[in-house]
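To start, the structure itself, in structure tokens.
The values are calculated or read from the model by the stated rules, or taken from the named source; none is laboratory data. If you're wondering where the values come from, they're calculated on a predicted model, not measured in any experiment. Methodologically, a virtual Cβ is constructed for each residue, glycine included, from the backbone with ideal geometry; neighbour enumeration extends over all protein chains shown. Heavy atoms of the whole protein, side chains included, go into the accessibility calculation; ligands, DNA and RNA do not. Shrake-Rupley method; radii C 1.70, N 1.55, O 1.52, S 1.80 Å.
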Amino acid sequence: EAQVTQNPRYLITVTGKKLTVTCSQNMNHEYMSWYRQDPGLGLRQIYYSMNVEVTDKGDVPEGYKVSRKEKRNFPLILESPSPNQTSLYFCASSYSMGPSQPQHFGDGTRLSIL
Amino acid sequence: AQTVTQSQPEMSVQEAETVTLSCTYDTSESNYYLFWYKQPPSRQMILVIRQEAYKQQNATENRFSVNFQKAAKSFSLKISDSQLGDTAMYFCAFMKPWYNNNDMRFGAGTRLTVKP
């Protein structure tokens with residue numbers, strides 16, 4: 001089954017404790033991205049990647065890191081999480097850049113930073 | 001920068017009736033794309049419908065259709081014959097062409113409740 005898999009689905013942690021949210025897709029997609037969803041703000045793009053070893057900042061990259069060492073994986077790293085990073089996070093992928101290729105979203109990761 | 005505005009935080013509709021969700025956007029681009037995504041309580045993001053700005057014809061997908069007014073920068077979603085399964089958050093989104101970094105912007109969302 002074609003899918004984007006995020007882990008964990010829920011995480012409660014404390015300020016300053018490094019964490020990684022994994023994202024994996026099995027569709028051989030080139031383009032992957034991370035969003036955060038906050039009430040009243042919709043989804044905002046954090047980082048995106050056009051292909052292996054190619055990443056770029058989205059709208060709200062501060063406090064986040066990403067890497068794209070393999071085509072299928074695009075982890076989101078919070079080196080020193082803070083409470084303002086409490087949010088619902090989505091990973092998405094598509095075959096290539098461009099709106100003709102629909103984005104497939106993961107099921108979301110709810111992060112709570114205390 | 002592009003902004004997307006959904007002015008209706010919440011809406012409700014009776015089952016089998018029609019409802020329209022509004023979306024306006026601001027851009028200086030002439031070529032772009034617009035989307036409506038549905039997010040049910042399961043949190044999944046599901047693409048409902050897509051519109052290309054250079055196409056004058058409004059997109060339709062079964063019970064879902066859009067009213068795209070390019071000059072007014074308006075992109076409303078009409079849901080006909082509403083069903084209980086349509087209950088969800090609906091997000092309007094704007095995307096620049098691929099040659100412009102694939103920048104995608106979402107509105108704040110409209111929570112739609114379909115009542116039996």
When you scan the range A:27-58, how many residues do you find that are modelled with pLDDT of 95 or more and assigned to a loop (DSSP other than H, G, I, E, B)? 0
Which residue out of B:Gln8, B:Gln44, B:Gln56 is assigned to a loop (DSSP other than H, G, I, E, B), open to solvent by 60 Å² or more (accessible area, probe 1.4 Å) and farther than 25 Å from A:Ser49 by Cβ? B:Gln56
Which of (1) under 20 Å from B:Trp36 (Cα atoms); (2) open to solvent by 50 Å² or more (accessible area, probe 1.4 Å) does A:Asn84 not meet, given it meets every other one? (1)
Could you pull out the residue among A:Ser80, A:Ser100 that is at pLDDT below 95 and either in a helix (DSSP H, G or I) or of a type in the set (Ser, Thr, Tyr) (or both)? A:Ser100
Just for the range A:11-49: of the residues that are within 12 Å of chain B (Cβ to nearest Cβ) and more than 13 Å from the chain's Cα centre (by Cα), which one is least open to solvent (accessible area, probe 1.4 Å)? A:Gly42
When residues of the range A:50-60 are filtered for being loosely packed, with under 15 Cβ neighbours inside 10 Å and either within 11 Å of another protein chain (Cβ to nearest Cβ) or more than 22 Å from A:Ser96 (Cα to Cα) (or both), how many remain? 2
